[in-house]
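Input: a single structure, listed below in structure tokens.
FYI, it's all coordinate maths here, none of it is from the lab. Keep in mind it's a predicted model, so treat the numbers as computed, not measured. All Cβ positions, even for glycine, are placed from backbone atoms using ideal geometry, and neighbour counts span all protein chains on display.
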Amino acid sequence: NYYYLPNLVNEGYWNVGLSVSWNIFDGKRRRNQINIENTKKRSYALQEEEMILNIQKEINDKIISLQNAKMKVDISKKLMKSTNESLNTFEEEYKQGISSMLELTNARTDFFNAKAKYINALMDYRAILFQIDRIIGKQLTEN
């Protein structure tokens, strides 16, 4: 704050004033505000920790799902190979007149069902990989 007195300026006098205000008694409002902010800080830290734990749990669950999906891919691949060999055997036997058309048709049906299971298992495996990519924010696999 300052003020101007024109009659003193002409006589070579200057007057400078400074005022400072400090509220000593604020009814503990400042202390309460600090406590509120510290509580918010702890709350945010707990929320962050909870989010990290949830992400870790989700990743662990997806890894278990990925391992199960990989086993299904391996099993369905072996089944497809087995049914393909069986189909080839029935085709040869049918050509030689040893097997009937019904047996050949059943072998073809078994092979196509096994192939469909293999393709579905692969799709499930890839879907889980993409879910993991989304969770961690990185691409683990190439498209």
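Over 19 Å between Cα atoms, which of Lys70/Lys117; Lys57/Lys138; Lys62/Lys115; Lys77/Lys117; Lys117/Lys138 qualify?
Working: Lys70/Lys117 13 Å; Lys57/Lys138 17 Å; Lys62/Lys115 25 Å; Lys77/Lys117 9 Å; Lys117/Lys138 29 Å.
Too far apart for the 19 Å limit: Lys62/Lys115; Lys117/Lys138.
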Subject >> Highest to lowest packing among 61-71, 76-86, 31-41, scored as the average C-beta count within 10 Å >> reply: 76-86, 61-71, 31-41
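Which values, in whole Å and largest first, are the semi-axes of the equivalent ellipsoid of the stretch 56-136 obtained as the square root of 5 times each eigenvalue of the Cα gyration tensor? Provide the component values of the computation, followed by the final result.
On the way: eigenvalues 295, 16, 10 Å².
Taking √(5λ) for each Cα gyration eigenvalue gives 38, 9, 7 Å.
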**OP:** In nm, give the distance between the simple-model label positions of Tyr94 and Lys70, each being 7 Å from the Cα along the Cα-to-Cβ direction.
**Re:** 3.8
**OP:** Starting from the Cα of Lys41, draw a straight line to each of the lysines and keep only those under 22 Å, dropping any in the same chain fewer than 8 residues away.
**Re:** Lys28
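Kirkwood Rh, Cα Rg: Rg to Rh for the stretch 18-71?
Working: Rg = 23.8 Å, Rh = 15.4 Å.
We get a ratio of 1.55 for the stretch 18-71.
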Original post:
aspartates and glutamates within cross-link reach of Lys72: Cα-Cα under 19 Å, excluding same-chain residues under 8 positions apart?
Top reply: Asp61, Asp110, Asp124
